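Participant: The structure's right below; bear with me while I get my questions together.
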Amino acid sequence: MQLDAGEDYQHLRASVGIHLLDFDLFTATEAQRRQAVWRFEMRDESQPDVTLGNILQMNLIELGKADRLSLARAHWPPG
């Protein structure tokens, strides 16, 4: 367990989800069609300025789009 009773949530280690999609999720605009890697952080619906920062994040990679945009070849091999 990361926290004991009464401890502040700011002491949590980040929880990161990485989701590899075999379909294009975001295609509504030209800018969305040119982006394959997305990073989302949680925020409150009624007070959007209240966020969890990077403590809880979801990363999406649209694989087909990344391949079409040559992102994999641009970043591999590392170094």
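The values are calculated or read from the model by the stated rules, or taken from the named source; none is laboratory data. Everything numeric here is computed off the predicted structure, so don't read it as measured data. Keep in mind that these areas ignore ligands, DNA and RNA; they rest on the heavy atoms of the full protein, side chains included. Shrake-Rupley method; radii C 1.70, N 1.55, O 1.52, S 1.80 Å.
Participant: Limited to the stretch 61-71, what total is found for residues that are open to solvent by less than 60 Å² (accessible area, probe 1.4 Å), of a type outside the set (Asp, Glu) and on the phi < 0 side of the Ramachandran plot?
Facilitator: The total comes to 5.
Participant: While we're on this one: Of the residues 15, 46, only one is at negative phi and modelled with pLDDT under 90; which?
Facilitator: Only one candidate qualifies: 15.
Participant: Just to verify a result, which residue in the stretch 16-60, among those that are assigned to a loop (DSSP other than H, G, I, E, B), of a type in the set (S, T, N, Q) and open to solvent by less than 80 Å² (accessible area, probe 1.4 Å), is nearest to residue 3 (Cα to Cα)?
Facilitator: Among those that are assigned to a loop (DSSP other than H, G, I, E, B), of a type in the set (S, T, N, Q) and open to solvent by less than 80 Å² (accessible area, probe 1.4 Å), it is 35.
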